[in-house]
Amino acid sequence: MFSKFHKIFDAFTKSEREIFQGAAIVLAISALLNGVNVFYQETKLAPVKGGAYTEGLVGQPTAINPFFSSNGEVDRDLIELVFSDLAELASSIKPSGDRKTWNIELKTGTAWSDGAPLTADDVIFTIETVKNPEARSPAFQTWQNVAAEKINEREVRFTLKTPYAFFLESLKNFKIIPEHIFGAIPAANLRISDYNFEPVGSGPYSFVSYEKRRDGFITQYTFAANQFFAGSKPLINELRFEFFPNYDEVVAAFNKKEIDGFGGLPPNLIDKIKINHELKEIGIPRYYAIFFNQSIKPALKNKEIRRALGLAVNRGKIISEVFFEKAIPITGPIYPGIEGYLAPGENASQNFSPDSANEILDSGGWLPEADGIRAKKIGSENTRLEFEIIVPQIDFLVKAAEIIKEDWLKIGIALKLNVLSPSEIGNDIIRTRNYEMVLFGNILKSTPDIFSFWHSSERFFPGLNLALYENKTVDELLESVRKNFSEASRIKELRRIQLNIAEDLPALFLFSPNYIYVSPKDLGGFNAKSLGTPSNRFDEINKWFLKTARVFK
């Protein structure tokens, strides 16, 4: 056949050969293009396993252990990678009709990252340790009224003293620790265990190694995909974390391509990113507010003064100048989008109106003295409207407080800023409630359960009612919300709670910064639209990917 074709080809004239060769080339290219077109029509890009990803973090790990997750964001980030919550480990969660008992069955074959089986004994051990006051777990209060019993190796029953409408969310936030690692350690010694730095967990990634300088500063942590993870296995083989003292150094490392991505970028540093990147702006249900301690400063007991203070806060200016529009205004105790949220238009007391603030103060007899600060004679004392506010030494909070100070001075109220480290505020100021005002944040997560922030039983440490707020009606409503399984009825109660708080003005709600994550363009699978906390960016870390390949549809 080939010899016949060769003879025919030899019989062609030169021009016929050129035409034939051209036609053959066109035919070959057409066939190739058609094949490529069919291939692309019949296939799609899909993520595949492989690659390593390095994230930059500001701060230092102190204990990669769920029992100590209140230490800081770095610890919470790494805990999210290494430990699974009970809902992730469960194959079924079955509440009783009255919602007082919950049966949780573990998935078959669940194991720890060292290969040891994860059983009901680990769940019981975790509960008992959380409830042990010597362990000093931040979840101590949450689980005090919950009893746990082992049904068999894979099943546990929780019994609640009273039904709790958001118990499923509690299970989603309850991370299990291994009994075979911590069981022989006294609860009081858990904090000094080496396993807080070399954790054994059940999450999507397992500990490999860490590096530190001679001065003790941890520079890097390395994690590998956990082969025993109960969920779908991670696509990225290896995660590394580099640690920095501040965001300026994080941005510099990103620009040098020493890290691949990082979260929590302050908006004022966005323009300093010089290389190609993708910016993800994500809402988090947290807010910052000024909480009044009316027992320390008598003038703050006057609701009209608190109302004037609220009317003189320019949230728009703060969001523009401090956050470059990467934040939203907050006017109440429930975050937008969470069940029962009361829109700003329904809470006029939080609007910006310095003229109205001046009118309130004038009509109350608070008149400017020679230096412009308002005062009023109460009994035999001349009371001046001068206040001190405790502010965490965090750049955006200090800047926001300075704007508020300027706003209040314009209506004749003096504000002194006392800037302290967050640890000093948490350990001393909050614990003793020793402040006239404090600028602080509340993290709500994804439920409208705001009991711990506003119920009168939480007024003193370790409670989180920083305004020392006390209102019997609100207390009853907060208690009812926790036991109410009717969403429509709960919403009505939540609205009443917010209206009462708006009327009483125990705090001035300010803003909620968006969470900004910086990543390379080739990072896929990170599609979060909202996060409960910054560490929840890793909730679906097993779906993140760096590599793709074409597969048939």
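For every residue, the table says whether it meets (1) out of contact with any Leu (no Cβ under 8 Å at 6 or more places or on another chain); (2) surrounded by fewer than 18 Cβ atoms within 10 Å (Cβ to Cβ); (3) of a type in the set (S, T, N, Q).
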site	(1), (2), (3)
Glu278	no, yes, no
Pro285	no, no, no
Asn293	no, no, yes
Arg306	no, no, no
Arg315	no, no, no
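At least 1 residues that are under 23 Å from Gly463 (Cβ atoms), more than 23 Å from the chain's Cα centre (by Cα) and β-branched (Val, Ile, Thr) in each: list the helices (runs of 4 or more DSSP H) lying fully within the range 80-155 that qualify. Spell out the reasoning first.
Values: elements: 86-89, 120-130, 140-143.
So the answer is 120-130.
Please go through the range 541-553 and pick out each residue that is more than 14 Å from Leu239 (Cβ to Cβ) and either among the aromatic types (Phe, Trp, Tyr) or not in a loop (DSSP other than H, G, I, E, B) (or both).
Across the range 541-553, the qualifying residues are Lys547, Thr548, Ala549, Arg550, Val551, Phe552.
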Exercise. List the number of the failed condition for Asn527; all other conditions in (1) without any contact (Cβ under 8 Å) to a residue 60 or more places away in the chain; (2) surrounded by 16 or more Cβ atoms within 10 Å (Cβ to Cβ); (3) of a type outside the set (A, V, I, L, M); (4) assigned by TED's automatic domain parsing to the domain that holds Val250 hold.
Key: (2)
Self-check item: Within the range 430-540, strands (runs of 3 or more DSSP E) holding 1 or more residues that are more than 30 Å from Phe254 (Cβ to Cβ), touching a strand residue (DSSP E or B) at 6+ places or on another chain (Cβ under 7 Å) and among the polar types (S, T, N, Q)
Solution: 437-443
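Being aromatic (Phe, Trp, Tyr) and out of contact with any Phe, Trp or Tyr (no Cβ under 8 Å at 6 or more places or on another chain) is the filter here, so list the residues in the range 469-505 that pass it.
Within the range 469-505, the first condition is being aromatic (Phe, Trp, Tyr), and the residues that meet it are 469, 485.
Once the filter is applied, which keeps residues that are aromatic (Phe, Trp, Tyr) and out of contact with any Phe, Trp or Tyr (no Cβ under 8 Å at 6 or more places or on another chain), the range 469-505 yields only Phe485.
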Quiz prompt | Residue within the range 216-223 that is in contact with a Gly (Cβ under 9 Å, 6 or more places away or on another chain), in the same structural domain as Phe538 (by TED's automatic domain parsing), β-branched (Val, Ile, Thr) and free of Cβ contacts under 8 Å to residues at least 24 places away in the same chain present | solution = no
Self-check item: Where Pro422 falls short, out of the listed (1) modelled with pLDDT of 95 or more; (2) surrounded by fewer than 17 Cβ atoms within 10 Å (Cβ to Cβ)
Solution: (1)
Quiz prompt | Selection status of Asp271, outside the structural domain of Glu402 (by TED's automatic domain parsing), surrounded by fewer than 16 Cβ atoms within 10 Å (Cβ to Cβ) and part of a helix (DSSP H, G or I) | solution = yes
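Considering only the range 254-261, I want to know if a residue exists there that is part of a loop (DSSP other than H, G, I, E, B), in contact (Cβ under 8 Å) with a residue 24 or more places away in the chain and among the acidic types (Asp, Glu). Please lay out each step first, then the result.
Of all residues in the range 254-261, those part of a loop (DSSP other than H, G, I, E, B) come to 256-260.
Checking the rest, the ones that are also in contact (Cβ under 8 Å) with a residue 24 or more places away in the chain come to 258-260.
In the following step, the residues that additionally are among the acidic types (Asp, Glu) were identified as 258, 260.
Scanning the range 254-261, I find at least one residue that is part of a loop (DSSP other than H, G, I, E, B), in contact (Cβ under 8 Å) with a residue 24 or more places away in the chain and among the acidic types (Asp, Glu), so the answer is yes.
Looking at Ile360, Ile330, Ile319, Ile338, which is the one that is buried (at least 16 other Cβ atoms within 10 Å of the Cβ), farther than 18 Å from Ile404 by Cβ and not basic (Lys, Arg)? Reasoning before the result, please.
Working: Ile360 fails: farther than 18 Å from Ile404 by Cβ; Ile330 fails: farther than 18 Å from Ile404 by Cβ; Ile319 fails: farther than 18 Å from Ile404 by Cβ.
Selected residue: Ile338, the only one of Ile360, Ile330, Ile319, Ile338 that is buried (at least 16 other Cβ atoms within 10 Å of the Cβ), farther than 18 Å from Ile404 by Cβ and not basic (Lys, Arg).
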Quiz item: Taking the range 217-251, which residues are over 20 Å from Phe526 (Cβ atoms), part of a loop (DSSP other than H, G, I, E, B) and over 23 Å from the mean Cα position of the chain (by Cα)?
Solution: Phe217, Gln227, Phe228, Ala230
Quiz prompt | The listed residue being closer than 30 Å to Ile236 by Cβ, surrounded by 18 or more Cβ atoms within 10 Å (Cβ to Cβ) and of a type outside the set (Lys, Arg), out of Gly201, Gly115 | solution = Gly201
Self-check item: the range 192-226 - residue that is touching a helix residue (DSSP H, G or I) at 6+ places or on another chain (Cβ under 7 Å) and hydrophobic (A, V, I, L, M, F, W, C) and, of those, farthest from Val250 (Cα to Cα)
Solution: Val200
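Can you confirm whether Ile403 is within 30 Å of the chain's Cα centre (by Cα), assigned by TED's automatic domain parsing to the domain that holds Glu339, more than 30 Å from Phe460 (Cβ to Cβ) and part of a helix (DSSP H, G or I)?
Working: within 30 Å of the chain's Cα centre (by Cα): yes; assigned by TED's automatic domain parsing to the domain that holds Glu339: yes; more than 30 Å from Phe460 (Cβ to Cβ): yes; part of a helix (DSSP H, G or I): yes.
Taking the combined requirement at face value, the residue satisfies it.
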Self-check item: Some residue of the range 128-135 being surrounded by 18 or more Cβ atoms within 10 Å (Cβ to Cβ) and over 21 Å from Phe166 (Cα atoms)
Solution: yes
Self-check item: Filter result for Ala165 (surrounded by 14 or more Cβ atoms within 10 Å (Cβ to Cβ), assigned to a strand (DSSP E or B), of a type in the set (A, V, I, L, M) and outside the structural domain of Glu540 (by TED's automatic domain parsing))
Solution: no
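The values are calculated or read from the model by the stated rules, or taken from the named source; none is laboratory data. All figures in this text were calculated on a predicted structure; none of them were measured in a lab. Cβ coordinates were reconstructed from backbone atoms using ideal geometry, including for glycine residues, and neighbour counts include every protein chain displayed.
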